[in-house]
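Report on the following structure.
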There are 2 protein chains.
Amino acid sequence: MNKAYQSLERHFARLSSLNDAIGILCWDKEVIMPHGAAERRAENLAMLEGLRHEILTAPEMADLLATADAGDDVWRRANLAEMRRLHTHATALPGDLVEANAQATAHSEMVWREARQNSDFKTFLPYQQEVLNLTQQIAKAKGEALGLSPYDALLDSFDPGTRQTDIDPIFSRLSTELPGLIAAVLEKQNSLPAPTPLQGPFLVPQQEALGRKLMQQLGFDMTRGRLDVSLHPFCGGATHDVRLTTRYEEADFLPAMMGVLHETGHALYDMGLPADWLSQPVGQAGGMTLHESQSLTMEMQVCRSRAFVEWVTPLLRTEFHIPEGTPSWQADNLHRLVTHVAPGFIRVDADEVTYPAHILVRYELETAMINGDLALKDLPAAFNDRLHALLGLTVPDDRRGCLQDIHWPEGLFGYFPCYAMGALAAAQIRTAAFQQDSQIAPALAQGNFAPLLKWLRTNIHSRASSASMPDIIKDATGAPLAADAWQAHIRSRYLDRAPDA
Amino acid sequence: MNKAYQSLERHFARLSSLNDAIGILCWDKEVIMPHGAAERRAENLAMLEGLRHEILTAPEMADLLATADAGDDVWRRANLAEMRRLHTHATALPGDLVEANAQATAHSEMVWREARQNSDFKTFLPYQQEVLNLTQQIAKAKGEALGLSPYDALLDSFDPGTRQTDIDPIFSRLSTELPGLIAAVLEKQNSLPAPTPLQGPFLVPQQEALGRKLMQQLGFDMTRGRLDVSLHPFCGGATHDVRLTTRYEEADFLPAMMGVLHETGHALYDMGLPADWLSQPVGQAGGMTLHESQSLTMEMQVCRSRAFVEWVTPLLRTEFHIPEGTPSWQADNLHRLVTHVAPGFIRVDADEVTYPAHILVRYELETAMINGDLALKDLPAAFNDRLHALLGLTVPDDRRGCLQDIHWPEGLFGYFPCYAMGALAAAQIRTAAFQQDSQIAPALAQGNFAPLLKWLRTNIHSRASSASMPDIIKDATGAPLAADAWQAHIRSRYLDRAPDA
């Protein structure tokens, strides 16, 4: 490696430190900040983002990137490639486009909040149109700079290295097979006893204590992270300081518990990134699909499995002081509760079987919008048509249709696929882990997550951004990412109703 | 004003935003952060401090300051003067001196923590010597840049505009008169009944609820601030986000309560700074003496007064569910508890009467150290001699002597005076406020702080850094800062034992 490369590592270590500061300030905004500070905090964050952009796009940076030589070390080479990718994303856009987009998305989000409440797509349309126009310009400019199609350039912001050519064959097959699979699952479910809801209230301190116990059971290091409360659960924070949040309802502890398990999956990924590279681009998590695969491996693959439910049921009875023999508090009923399938309008409330349908709809429509093949005025009807085709549901209003998500109003096009890709990846990863190490499944049945976590650390976490998501999945599981493992998982859990591992 | 000045306002608004980020990260470090993140957080903060220094010392900044014209507006003129002062402080030191000092103080503080526990001045001496040598160099360099004596240059870092010529006559008189005053107070106290300690335990949630009630009673805006817990109580946070902390002992609620009242005084100052200038240097609080004067006006002048104790006693009984007639829970006894005088070794535990003695000792010794008139090896003996002379106590070991404070190990020379100057200023300010607005005292006797707060906002808070501390005190009270009001206050509260207002 040469001096230019060494100098780049110093600049990017500084950017990493700035990212930490932004991470803590964002967390604080959602969890701690008194509301009177909201406007000022937005200014603080914009200032820090501005500094980050300035450092990344300084003329010196371009010179260093042009002359840097990372030598033969594969991690340094991958690091330099990531530096160049980040620099290209940052410099691809003229300043006035960035500024116009920041303003348009801020307005659009504000109008959307009210439009959603009123199911009023018409009022919202011009704001969404402005955001879409700007996103198309951004996609084009980034595409030209990166040598990618416009939509691939957007994908690359969230999921480096993932292309439409990775997604299309998978989603196309899912699109064909999902309706039949859902119908079969529902038919089977109807032949079995309905789950009995658990009687609350469940006190928040008890739910919180349970969450902390389970986080640590999964492998979360409480000396390097926290659990708190926020309106929208997330996993954030900074290096060596991974902070996840949940929200509690006293009537039902399962949403908060499953939320904590989900966010803990994200957190374990962040905690497992390679120590030597934490301050460098190559040491960061490898995009949103991999991140979602880690949360869903924990939440969906493992913690909604029959084996985990068997293990956790006595613990839940103890935590909530439920007598051992209470009929609804047996593993059978709890497992039916956490694997209940019910097609619905709202993506974020969907079960794992119907969830991909929501993403297929959005992917199809957002690629058409970016490519100019779908006019915004036709979006509501198209959304409702596609949801009906996949889930058999008639969307009653746009609030429960194309207005439900914040992504498009905020200009987040190219983000949705990672949710479904992450679910498929989770199934493929968990299946491979169970096959490659026969100790993992029996350990999990005892509540011991260590062998699984070790496998994930070795095969996913420690690789960080040293390779692309498709390569990491292929190396870890022996095959390119596909829907097969996910479909097998759904069949095994919902159709065979055999105790799934 | 010209373009250069306008450009400076933009640069300093950015610095103000950086200060906010640093403020929140520092608060988080003391209140929230998991301990495994300590090292990384130190790096994050050093990076942000580095960015601040870089922006402040950029060549462009010097050019702008050289050519800026603030026009005729007195606030803009004062703002430009503050900008120049900050720039001079930042550029006065060569980079290697800043770096050497950062390392030396980090080592010194670490060694001090153990040396203090072991009362081992000898081991600590070389580390303190290194810090002193560097502080002397810093004082000299800053003094030359600012046109000040070395010690005045240090003072100016904490208390802009305050000089030894302001402090010396006041401290000199105090030094002569304090021993006699303390003796008289103790004699009077011995002639009165001893206070009866209150029986706990006092549950933390009740203490916290009491603290929040009192904060709001004083005028704290809960939509722009918080109350939390930390090992060392402080008032920090950011613009529109003033965060104070306390710590609770179940055996006694008075320390936490008085601590909250003290920090609320600081917070009200920050909350009362002029809205139009919050992002500019002139809009910041006017140094540590004024800041301490605001905390002590609330804690010492008002909240340990007989009138406040009369008002708060029924509230305390209600909060802690104490029957009305309980003998120890009457205003007489509570007032004796919060005004008990007892000379002791430890500065931070001192009552208001003996407190200035601790500062007189430190001021005399630290000026001698900076000027080279006191060798470090002679510090312990000199410290013990002076404390004996002022308080009549024989210091048993250096842990309770010259090793007790973190200031010198951290290189904070020139900081101590503000504690005593703040106490004197508080007495002078409160006395002037009562004289100028006859509504203030009767309102306080009803627990109504609004008239006092209005007076402080008008005469102290809203002036921010638009004038020097000596000028702000003189304008507010009609006289230069002196010890007279403080001595009158001590005589009135402790010798006359008349119900003090």
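The values are calculated or read from the model by the stated rules, or taken from the named source; none is laboratory data. What you are looking at is a predicted structure, and each value in this text was computed from that prediction instead of being measured. Here the Cβ is made from the backbone with ideal geometry for all residues, glycine too, and neighbour counts use every protein chain on show. To get the accessible areas, we keep the full protein, side chains included, count just its heavy atoms, and leave off ligands, DNA and RNA. Shrake-Rupley method; radii C 1.70, N 1.55, O 1.52, S 1.80 Å.
Observations on the structure shown:
- Our coupling estimate for the stretch B:285-295, obtained by passing each phi through the Karplus curve with A = 6.51, B = -1.76, C = 1.60 and θ = phi - 60°, is 4, x, x, 6, 5, 5, 4, 5, 4, 6, 5 Hz, Gly and Pro reported as x.
- Amide H partners (placed H, <5 Å) of A:G237, local residues excluded: A:W27, A:R243
- HN-Hα J in Hz across the stretch B:98-107 - Karplus 6.51, -1.76, 1.60, θ = phi - 60°, x for Gly and Pro: 4, 4, 4, 5, 4, 5, 4, 5, 4, 4
- Ranked by the mean number of other Cβ atoms within 10 Å of their residues, highest first, the peptides B:271-282, A:18-29 come out as A:18-29, B:271-282.
- With each label modelled as a point 7 angstrom along the Cα→C-beta vector, the B:D475-B:L393 pair spans 3.9 nm.
- Sorting the Cα pairs of chain A by distance into bins of 20 Å, from 0 upward, gives 21, 57, 21, 1 percent per bin.
- Values of log10 I(q)/I(0), in the order q = 0.07, 0.09 Å⁻¹, for the protein assembly as shown under a Debye, Cα-only, solvent-free model: -0.74, -1.12
- For B:Q137, label point 7 Å along C-beta direction: distances to other copies, nm: 5.4
- Across q = 0.12, 0.15, 0.20 Å⁻¹, the stretch B:1-91 modelled as identical point scatterers on its alpha-carbon atoms has Debye log10 I(q)/I(0) values of -0.46, -0.64, -0.91, in the order of the q list.
- For B:E410 and A:E114, the FRET efficiency from 1/(1 + (r/R0)^6), where r spans their Cβ atoms and R0 equals 56 Å, is about 0.60.
- Taken across both chains, chains B and A shield about 2800 Å² of accessible surface from a 1.4 Å probe.
- Only protein heavy atoms count here; on that basis, with a 1.4 Å probe, B:L45 has an accessible area of about 20 Å².
- When both the stretch B:196-223 and the stretch A:47-62 are represented by their alpha-carbon centers, they are found 46 Å apart.
- Between the amide H of B:D252 and those of B:F202, distances stay under 5 Å, these residues lying 5 or more places away or on another chain, with hydrogens modeled in the peptide plane.
- Teacher prompt: A:P327 distances to equivalent labels in other copies, 7 Å Cα→Cβ, nm: 6.4
- Annotation: amide H-H contacts under 5 Å for B:V229 (H modelled 1.01 Å from N, sequence separation of 5 or more, or interchain): B:T246.
- Listed values for the stretch A:180-194 are Karplus-derived 3J(HN,Hα) couplings in whole Hz (6.51 cos²θ - 1.76 cosθ + 1.60, θ = phi - 60°), namely x, 5, 4, 4, 5, 4, 5, 4, 4, 4, 5, 7, 10, x, 6, and x replaces Gly and Pro.
- Label spacing, shortest first and in nm, from A:T394 to its equivalents in the remaining copies (7 angstrom along Cα→Cβ): 9.8
- Across chain A, Cα pairs under 8 Å and at least six residues apart give a relative contact order of 20 percent.
- Calculated FRET efficiency for the pair A:L495/A:Q439, C-beta based, R₀ 30 Å, to 0.05: 0.60
- Cβ-Cβ FRET estimate between A:H340 and A:Q129, R0 fixed at 30 Å, reported to 0.05: 0.15
- Cα-projected label distance for A:D276 with B:Q216, points at 7 Å along beta-carbon direction, nm: 5.6
- Residue-normalised accessible area of the stretch A:3-91, expressed per residue, 1.4 Å probe, Å²: 44
- Taken over the stretch B:259-356, the alpha-carbon convex hull comes to 125 cubic angstrom per residue.
- Sulfur and carbon atoms: percent of accessible area, the stretch B:1-91 [1.4 Å]: 52
- Per-residue shielding of B:216-222, expressed as the average number of other chain Cβ atoms within 10 Å of the residue Cβ, stands at 1.
- Whole-angstrom gap from the stretch B:394-456 to the stretch A:445-485, using each part's C-alpha centre: 60
- Distance from the alpha carbon centroid of the stretch B:229-305 to that of the stretch B:337-358 works out to 20 angstrom.
- Nearest-to-axis residue of chain B, judged by beta-carbon position, where the axis maps B onto A, in Å: B:A21, 3
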